[in-house]
Amino acid sequence: MARVVQKFGGTSLADVERIKAVARRVAREVEGGHQVAVVVSAMAGVTDCLVGWTRETSRLHDAGEYDVVVSTGEQVTAGLVALALQNLGIDARSWLAWQIPIRTDDVHGKARIHSIEVAELEGRLALGQVAVVAGFQGLGLHGRITTLGRGGSDTSAVALAAALKADRCDIFTDVDGVYTSDPRIVAKARKLDKITYEEMLEMASQGAKVLQTRSVAMAMNHRVRVQVLSSFVDAPGTLVVDEDEIVEQQIVSGIAYSRDEAKITVQKVPDRPGVAAAIFGPLAAHAINVDMIVQNVSEDGRADLTFTVARTDLERAVSVLQEKRAALGFTALKPDSNVVKISVIGVGMRSHAGVAQQMFQTLFEKGINIQVISTSEIKVSVLIAAEYTELALRALHTAYGLDALG
Ligand code: ADP
Ligand code: ASP
Ligand code: MG
């Protein structure tokens, strides 16, 4: 007998027919003699719609009330999945985050899970009852509802699996695993049987939305066995594993892209000590994260500084810097959200030279200009114009030998 957590994403729960199919999937696991906790996302499109309503009602809205609204999608699917299971003769009960509770901090809109009280759930699982848990939501420090950031029900599932010491955490989605690149853009992308925690973490944080970044970090810290698979086809998916479980390690295992960043160029700041601190200090004070940075020194003792921030922070970042214009002494500020960040990822990079060079050469051959570069131990990222996203992804995928055969 195993204890498993099964998480179903929005597409898998998009309508009542699919919810019934999900219930049949869960029922199979129960009939196999296993204890099952289910974590649900909202129906496809529902969270987007709820987010839209909060924006329409109030552009600069209160994050606490945003959470009250956007967390509701998961309440609907939790109840429906429990009903569908009951219809199959399976003992099932839905759980909202506050009922368990799943405790979080108070950072509304992107709260972090602190703890999950599992005693009651464990008792029911032991009696053969299926617990259907609303993902994405939590209970904040002051008794208010919180949400975990977009894609957060992956994190609910992994956290619950860790707390329940589950044998497996299956993430059911609309693709049958983790691919070498987004299969919706790169037709030749290959499904990976296994990927290391570290690579998955880097893929997710560089934009591969198949798993929320925090869910991977949590799986890595708590050694949760995560599998990504399709709720539509019956086939093994991708296992996220330790590095020593991978026999033949590729140098590059995946290519991710992110359209969530925007670029700002601060033109002609005086090139002297303290300038970077003067620019990035105020941004940090406003909780605006800076990702990639490049500085070009010109001859007249001035420099252009280019960097990226989250696209959602662009407007705020520009206004913070404009306020400091006199002190910073720049001549112009150029925001640009028509950019995409492309990243090649692989633990094999640690021991192989030339990965970055191959990226630069490939983009050069396609006539694509690189605007900013950043690297880490297992990743090289470049910022390019958004219109080249598909071209760059496909060319790099071929250049690193990742294309599926045939
Ligand atoms: P869910 O609603 O099930 O959580 P998501 O839309 O959040 O589903 O995540 C699945 C999507 O992630 C896929 O449809 C796919 O387009 C996208 N994706 C991006 N990069 C990858 C990748 N490397 N492998 C698989 N899917 C990816
Ligand atoms: N429904 C939430 C979202 O769309 C959480 C999730 O799908 O994981 O972001
Ligand atoms: Mg998701």
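None of the figures in this text is laboratory data; all of them are computed from the coordinates on show. None of these values were measured; they are calculated from a predicted model. Don't worry about glycine lacking a Cβ; one is built from the backbone with ideal geometry, like all the others, and counts go over all protein chains shown.
Per-residue Karplus couplings for region 33-39, computed as 6.51 cos²θ - 1.76 cosθ + 1.60 with θ equal to phi - 60°, are listed in order as x, 9, 8, 10, 10, 10, 10 Hz, Gly and Pro entered as x. What the Cβ-Cβ distance of Ser337 and Val107 gives, at R0 = 22 Å and to the nearest 0.05, is a FRET efficiency of 0.30. For the residue pairs Lys209/Lys268; Lys191/Lys366; Lys110/Lys341; Lys110/Lys263; Lys324/Lys379, alpha carbon separations beyond 32 Å are given by Lys209/Lys268; Lys324/Lys379. For His114, the residues 5 or more places off, or on other chains, whose built amide H falls under 5 Å of its own are Arg103, Thr104, Asp105. Rounded to 0.05, the FRET efficiency of the Ala287 and Glu117 pair, given R0 = 30 Å and the Cβ-Cβ distance, is 0.50. When the helices of the chain are scored as -39500 (n - 2.57) per DSSP H run of n ≥ 4 and the total is divided over every residue, the value at 222 nm lands at -10000 deg cm²/dmol.
May I ask you to compute the full-extension gain from Arg24 to Glu243, defined as 0.36 nm times their residue separation minus their alpha-carbon distance, rounded to one decimal in nm? List each step's numbers first, then the result.
On the way: separation 219, 0.36 × 219 = 78.84 nm, distance 3.44 nm.
Contour length minus the Cα-Cα distance gives 75.4 nm.
Net charge in the neighbourhood of Met349 (other residues with Cβ under 12 Å of its Cβ; Lys, Arg +1, Asp, Glu -1) is -2.
Quick one: which of 279-288, 224-233, 39-48 comes out on top by average Cβ neighbours within 10 Å, and what's the full order, highest first? Please list the in-between numbers first.
Details: 279-288: 14.3, 224-233: 19.9, 39-48: 22.8.
Top to bottom by mean Cβ count within 10 Å: 39-48, 224-233, 279-288.
Shown in residue order for region 339-350 are the 3J(HN,Hα) couplings computed by the Karplus curve 6.51 cos²θ - 1.76 cosθ + 1.60 at θ = phi - 60°: 9, 9, 9, 10, 10, 9, 10, x, 5, x, 4, 4 Hz (x for Gly and Pro). Highest mobility in the GNM of the chain, judged by mean-square fluctuation with C-alpha springs under 10 Å and restricted to Met220, Met292, Met200, is found for Met292.
Specify whether the C-alpha gyration tensor of region 1-152 places it in the rounded, prolate or oblate class, a ≥ b ≥ c being the square roots of the eigenvalues: rounded for a/c under 1.5, otherwise prolate if a/b is larger than b/c and oblate if not. Note, shape of region 1-152 comes out oblate. Judged by the ratio a/c of the largest to the smallest principal axis of the C-alpha gyration tensor, region 263-406 counts as prolate, that ratio being 1.5 or greater while a/b is larger than b/c.
Among 263-276, 332-345, sorting by the average number of other beta carbon atoms lying within 10 angstrom of each residue, highest first, gives 332-345, 263-276.
Quick one: grab the alpha carbon gyration tensor of region 284-327, order the square roots of its eigenvalues as a ≥ b ≥ c, and give me rounded if a/c is under 1.5, else prolate or oblate depending on whether a/b is larger than b/c. List each step's numbers first, then the result.
Working: a/c = 2.77, a/b = 1.52, b/c = 1.83.
Since a/c reaches 1.5 but b/c is at least a/b, the shape of region 284-327 is classed as oblate.
Summarising the strand pairing of region 1-160, around 30 percent of its internal DSSP beta bridges are antiparallel.
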